[in-house]
Amino acid sequence: MAQTFLRPAQNGVMLKRRNGMPLNRFSQGLFVLLGLLVVYVLGRAFWQNPGVFVQQVLNGLQLGFIYALIALGYTMIYGIVKLINFAHGDVFMVGAFTSFYAVATLNLHRWPAALFPGIPEGLMMLVGTVTVVLLSMAISGTLAVVMERFAYRPLRNKPRIAALITAIGVSFFVEYFGALPFVFTNNYITYPRPFAVQVYSAGMIAPWVLVVLWVIFLLIVATFGWLTALARQGSRSRYHVQAQTWKRHPLLQFGLLFFGFITVVVTLTGVRIETGGKVWDLTASNVTLVVMGGSIVLQVLLSYVVSRTRLGKAMRAAAYDKAVARLMGINVDGVITATFALGGGLAGAAGVLYATVFPQVHHLMGIIPGLKAFVAAVIGGIGSIPGAFVGSLIMGQTEMLTAGFISTPMRDAVAFSLLIVVLLVWPQGIFGEPPAEKV
Amino acid sequence: MRSRIYVMLALVVSMLVLSACGGGSGAIKIAILAPMSGDVATFGQSTRDGILLAIEEWNEKGGIDGKKIEYVVEDSQCAAEAAVSAANKVIDQDGVKFIIGEVCSSASIPVSEIATAKQIFQISPTSTNTAVTVGESGTKPTIFRACFIDPFQGKVAAKFALDNLGAKTAAVFLDQGNDYVRGLAEVFIAEFEAGGGQVVVKETYTGDDSDFSAIVTKAKDANPDVLYLPDYYSTVNLIAAQAKERGLTAAMLGGDGWDSADLDRAALDGGYFTNHFSDQDTRPIVQEFVSKYAAKFGAPPDALAALAYDAANILFQGMDKANSVDPVEVAKTVASGTFDVVSGRITYDADHNPVKAAVILQVKDGAINYVDTVAP
């Protein structure tokens, strides 16, 4: 994951790094004090009740993975068009509603059973759920493209603030168009999950599953380590160029992320923590696993598209300099359309996953997750794909640990203050590029 | 063109209504103020239907002291401004002295101020805010309600948890910014602890949260016997789903905010909630009302219809007992009387809030079943 930036690596083109204003001693001390306090509170919570602490971290992980899918759309669109698409959260909402209708009205999640009556239940749920997700992605992607075509493209060469304000308008339009009685209505509708919920806790996962997961995961880690070692040898090794390439291969990233997270989470659910006569069984549901797995699959697919395909190359070129990309024969309008389609599709998938975790759909459901994912994208460095991922995980943990150990009503306040802190001390975000000055 | 036809139609209809009103000199005229449009229009329709059924029954019996009951319906939209203009219209233009309505507290409160100033009798079927019947200068003499007020449900729920479920420990989740939820939760906590129980977890959240996994995890750690969720169904659905997913086994308990067709019955399976009325209540008065209502309107009555029916009956019985159509006289009779109506035996306390029992309903296997009636 770590190698895929929307922008190509800069080779001496960026001359200056414009950092944020250095902080004065007083504020620095304040931040350090605050940090120590947080560490103390969390450390004490862990010491007192490790079971609850680990469970809250798992909860935060699940939230973070959903934010990641939304944040990716924000970051991609920003990276290429330099537009913060405030209607992104509403594309997400439409994705959730599409899957709601697909499941509740069309019964699409059971189509394999309708066509092939003898199909095993597990396979049917898998195929059905994937179909529902794909449909939602298609519809949301289309919606995002339509938005771009009619609302943003006419303003492409106008000042950026015009497009930004239009984005807010589009957002309101979609939200309140959805509220109309013949569209989505303004009711809170219970969402029927496309698969049945199962809760795993200690003793429910067979040991051989864990062994297999760990073997696969360790094999992948070993391969990665071996490739890194090969690549390090530089020109002394004949294969260092191939090793370099393979190390960055999306399949390897996928293996590391997917098996890393799933293995750890599944292992944790088998753990029973006993402290002071109190037993705490860690639990995770299949919803958590689906959210993590689905989110990782989509992110790796995206990173594959961006780093390995012609379209991805064109996207990176357009992100770097639209005018020059056009001179090089790249259809920039097409690239932008594709970006919106991809971003919208990811938002649609995130909508399905979100509705699966929090089984309710509503026409304003996109606002808060949209805002939080935006903050996550900014924390990670807007424009950067790994940044969106890391920022979202940080955001998820911040929220969950605040809610769990500091104060529940403060969760949003703390999460959004994180944005202010990051902007103060690290204005480009974690993976962000400094503003370029071209020569 | 279309709108012009509507305007004409509206004119014709209103003229017909006006001429009809002018006809009966010996009739008693009442006004129904309810939201007939907007997002709570279904509340208004149920309310109106309940009242219409009561009027029809009384008129069949020959009216009150031989006087037939006539009515006007005004759309007050569950909003303060619309309710004020509707109230002014029915009082000044139609000469109404008895108002049944509004549904929402936010609309009932301004109406009650007008009614108090003009000495008009008002009974709200479902407005639960204390300010409807009590103003700055004490209880409003001519204003009543047919429903119990919010905190009462917390009391009943605590009693039910302690006595019927045998609970020793409870967890309470509440939305600090919502008066309804906070009112129920605070009374529940006070009553539960007064009854010997222990509230082991009290967590607050905000209205637009959808992730409750953090507080659910905390509640699971404390392992309470009951989990009190006095919020509306939309939030409760989310909390319950996440609680089930994390293996929280406490019995869930709630208030009338759960009373919705959109309640997630799978996630809340086994949960109990307090309500005003159940159509499964076996008392003959309830069964008679349910069958008559279903025959007339083709659907079983909800709590709103039942309370509206009760409000109308309290008013008519009050008139009958007072032998008067003077609002102040009727109000005095209602304040001191006892009424046997669908939602129980009602007497009024000093603040004109009804003293009556609440029903406990259980969500079980996709159905909502009547469990018990609990008196405070």
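Quick note: the coordinates plus some simple rules give every number you see, no bench work behind them. Quick caveat, the model's predicted, so the values are computed rather than measured. Glycine also receives a Cβ, built like all others from the backbone with ideal geometry; neighbour counts cover every protein chain displayed.
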In degrees rounded to 10, the 0-90 angle between helix B:213-222 Cα long axis and the longest Cα principal axis of chain B is 60
Give the separation of the Cα centroids, region A:38-101 to region A:186-259, in Å. 20
Binned at 10 Å starting from 0, the alpha-carbon pair-distance distribution of chain B in whole percents comes out as 5, 23, 31, 22, 13, 5, 1
Reported to two decimal places, what Rg/Rh ratio describes region B:233-272 when computed on Cα atoms with Rh from the Kirkwood expression? 0.92
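Local charge sum around B:ALA87 (other residues, Cβ-Cβ under 10 Å, Lys/Arg +1, Asp/Glu -1)?
Once all neighbours under 10 Å are counted, the net charge is -2.
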Averaging 1/r across every pair of distinct alpha carbons in region B:150-275 and inverting yields a Kirkwood hydrodynamic radius, in angstrom, of 13.9
What pairs in B:LYS89/B:LYS155; B:LYS159/B:LYS292; B:LYS29/B:LYS155; B:LYS29/B:LYS140 have C-alpha atoms more than 29 Å from each other? B:LYS89/B:LYS155; B:LYS159/B:LYS292; B:LYS29/B:LYS155
Taking each full run of DSSP H in chain A as one helix, which ones are at least 30 Å long along their axis (Cα atoms) and have mean Kyte-Doolittle hydropathy of at least 0.5? A:25-48, A:50-81, A:121-147, A:207-232, A:286-308, A:332-357
Placing one equal point scatterer on each C-alpha of region A:260-397 and summing with Debye, one gets log10 I(q)/I(0) at q = 0.17, 0.18, 0.22 Å⁻¹ equal to -1.07, -1.15, -1.39
Cα shape, region A:329-439, gyration tensor, a/c 1.5 rule: oblate
Dimensions of region B:103-176 along principal axes (Cα, Å, largest first)? 51, 24, 23
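What value does region B:22-180 have for Rg/Rh, both radii from Cα atoms and Rh as Kirkwood defines it?
With Rh from the inverse mean 1/r over Cα pairs, Rg/Rh is 1.06.
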In whole Å, how far is the Cα centre of region A:264-309 from that of region A:106-182? 26
Of all the Cα-Cα pairs you can form in the protein assembly as shown, what percent are over 47 Å apart? 34
Strictly greater than 26 Å: what percent of every Cα pair in chain A meets that? 61
One computes Rg over Rh for region B:210-317 from alpha-carbon atoms, with the Kirkwood Rh, and obtains 1.11
